[in-house]
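Structure record follows, encoded as structure tokens.
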Protein chains: 2
Amino acid sequence: MPPRRGPIVAAVRKALPRAKPRVRLDNDARRAQLLQLARRTFAGRAYDEVSIDDLAREAKISKGLLYHYFPTKRDLYVAGLREIADELVERVATIPAALTPQERVRAGLEAYLEHITLHQRAFVSLMRGGIGSDPEVAGVVEGVRTRLADRFLDGSPFAPVLRGEPRFETALRGWIGFVEGASIDWCAHPRMTRDALREMLAQVLFAVLSVVGGIAAAASAEKGT
Amino acid sequence: MPPRRGPIVAAVRKALPRAKPRVRLDNDARRAQLLQLARRTFAGRAYDEVSIDDLAREAKISKGLLYHYFPTKRDLYVAGLREIADELVERVATIPAALTPQERVRAGLEAYLEHITLHQRAFVSLMRGGIGSDPEVAGVVEGVRTRLADRFLDGSPFAPVLRGEPRFETALRGWIGFVEGASIDWCAHPRMTRDALREMLAQVLFAVLSVVGGIAAAASAEKGT
DNA sequence: TCGACTATTGACTTGTGGTCAATAGGGTCC
DNA sequence: GGACCCTATTGACCACAAGTCAATAGTCGA
């Protein structure tokens with residue numbers, strides 16, 4: 001005869017007295033609280049330095065309830081990450097439309113830099129801290145990169161010319177890497193003013209575009225000859 | 001009276017018959033085998049998709065033996081990562097000394113690109129896949145960045161002028177980010193020849209240096225006036 | 001042949017992510 | 001105001017993987 005675990009155990013359980021639940025919260029409120037908590041916690045400690053029990057204890061709820069709201073520890077983590085990512089992208093997306101393309105780039109960079117100074121820990125742990133091996137996490141970070149690239153180039157006079165040009169795509173990824181590398185370094189060692197950094201990033205973008213344009217022109221000229 | 005676990009259990013253990021150990025290997029050979037295995041495995045699957053039991057099974061040894069050679073799963077992982085990192089840096093470091101600075105940059109980039117094409121999976125999982133939150137892992141990756149930067153600039157005519165200049169340090173980090181971003185993108189979507197990519201990376205470096213130089217010059221001129 | 005040294009084993013402990021039946025609080029309907 | 005239902009909440013439990021450790025089997029030199 002097989003063990004038949006469940007029911008027997010259940011019968012035993014019934015006999016035990018129960019402690020009263022603590023606080024009863026509305027679904028959305030609880031979910032928001034947990035997300036907030038996760039964001040705070042994961043910004044400070046690494047993913048697997050934080051246990052679900054820790055989070056539950058901090059939130060003054062049982063572990064089971066946490067799993068009622070988020071099916072997985074990773075889901076909770078990703079949800080928090082996604083919020084951070086979206087806030088950043090959205091911040092960069094909201095720049096006045098009535099600017100010259102160059103000014104739009106500068107404004108976007110300004111918004112970007114302002115946002116990351118305000119949320120340094122979250123930003124760095126988003127771009128560098130994540131579990132890169134997890135496809136979903138990688139997707140979020142990757143999404144930030146491509147969406148930011150799109151924003152920065154929105155309405156640029158270069159964009160229509162260069163979009164689709166293979167070299168351009170790679171160069172753009174490169175520039176995004178530049179921005180990431182420089183700004184993360186700048187967070188750790190703020191060796192210049194924010195304005196100076198912004199200016200540098202903008203000028204590098206223009207320089208990169210001109211390099212790519214030049215190479216493309218040279219290549220087509222050579223082909224033409 | 002306290003439980004007194006150990007000895008009692010030990011006495012019981014003695015009675016059990018033992019299977020014979022499989023193969024007996026010299027210390028260094030075993031260690032090398034395990035490192036090799038770890039590198040292969042972690043290049044293909046994520047850190048926590050690979051269990052110690054998996055590795056032990058694959059190596060046809062017991063888990064305990066694995067822990068005899070590497071005190072921790074993470075240590076094993078980091079050891080493999082470190083090898084990959086060192087190989088890459090070393091590859092870039094061995095370029096002929098009798099070249100012009102510009103040609104040295106190109107040669108370094110060539111070596112870099114050749115190496116990462118040959119070891120794509122390892123390279124990408126080194127730079128993007130690691131457990132970024134682990135300080136030791138982060139250290140390895142960070143080390144690659146700074147060491148590569150040093151190599152690329154070795155003997156450059158710009159270096160003596162710009163070293164220590166705050167903007168320059170940040171710009172260099174940025175360029176390293178550019179190289180990383182562009183080359184990882186290129187691994188996934190090889191939209192151009194290796195030569196073309198190398199040329200682009202080199203020209204971007206020169207452009208970046210000129211931008212930084214220009215800004216620095218402008219700043220000092222302004223100050224001087 | 002014996003003893004020492006060490007590579008090797010595998011049962012065990014511990015910690016943590018994840019499951020699930022049971023329950024308590026609170027509203028609604030008669 | 002009691003019966004009933006809905007759902008937020010609990011806590012005991014499981015599974016599995018990292019890490020520990022006393023015991024053991026090869027091997028080599030005296």
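Annotations
- Per-residue ³J(HN,Hα) for segment B:170-183, Karplus 6.51 cos²θ - 1.76 cosθ + 1.60, θ = phi - 60°, Hz, x for Gly and Pro: 4, 5, 5, 4, x, 4, 4, x, 4, 4, 4, x, 5, 6
- Between chain B and chain A, the total buried accessible area stands at approximately 2900 Å², from heavy atoms with a 1.4 Å probe.
- Heavy-atom accessible area, 1.4 Å probe, ligands and nucleic acids excluded: residues of segment A:95-134 down by at least 50 Å² from chain alone: A:Arg128, A:Ser133
- Each other copy holds its own label point for A:Gln120; taking that point as 7 Å from Cα along Cα to Cβ, the gaps run 3.9 nm, nearest first.
- Put a dot 7 Å past the Cα of B:Ala93, heading toward its Cβ, do the same for A:Arg45, and the two dots end up 3.8 nm apart.
- Most to least packed among A:204-213, B:187-196 [average Cβ atoms within 10 Å]: A:204-213, B:187-196
- Neighbouring Cβ atoms from other chains, within 10 Å of the Cβ of residues in A:36-46, number 1 on average.
- Dipole magnitude for segment A:31-85: about 140 debye, using +1 per Lys or Arg Cβ and -1 per Asp or Glu Cβ, origin at the Cα centre.
- Summed over the residues of segment A:81-224 and divided among them, the accessible surface reaches 41 Å² per residue at a probe radius of 1.4 Å.
- Heavy-atom accessible surface of segment A:22-71: percent carbon and sulfur, 1.4 Å: 47 percent
- Volume per residue of the convex hull around the Cα atoms, evaluated for segment A:19-122, comes out as 114 Å³.
- Sorting A:124-136, A:43-55, B:29-41 by their mean Cβ neighbour count within 10 Å, with the most densely packed peptide first, gives A:124-136, B:29-41, A:43-55.
- With every protein chain in place, segment B:108-194: carbon and sulfur % of accessible area (1.4 Å): 56 percent
- Between B:Gln102 and B:Arg191, the C-beta separation translates, for a Förster distance of 25 Å, into a calculated FRET efficiency of about 0.50.
- Inter-chain shielding of B:165-171 (mean C-beta neighbours from other protein chains, 10 Å cut-off): 6
- Kirkwood Rh, Cα atoms: Rg over Rh of segment B:22-71: 0.94
- Label points for A:Asp26 are taken 7 Å from Cα along Cα→Cβ. From this copy to the others they lie 7.3 nm apart, shortest first.
- Peptide A:179-188 - average C-beta neighbours from other chains (10 Å radius): 6
- Accessible area (Å², 1.4 Å probe, nearest 10) - A:Trp186: 20 Å²
- Nearest-10 value in Å² for the accessible area of B:Thr100, using the 1.4 Å probe: 70 Å²
- Copies compared at B:Thr72 - label distances in nm, ascending, label defined 7 Å from Cα in the Cβ direction: 2.5
The values are calculated or read from the model by the stated rules, or taken from the named source; none is laboratory data. What you are looking at is a predicted structure, and each value in this text was computed from that prediction instead of being measured. Cβ atoms come from the backbone with ideal geometry, glycine included; neighbour counts cover every protein chain shown. Surface accessibility is based on the protein's heavy atoms, side chains included, excluding ligands, DNA and RNA. Shrake-Rupley method; radii C 1.70, N 1.55, O 1.52, S 1.80 Å.
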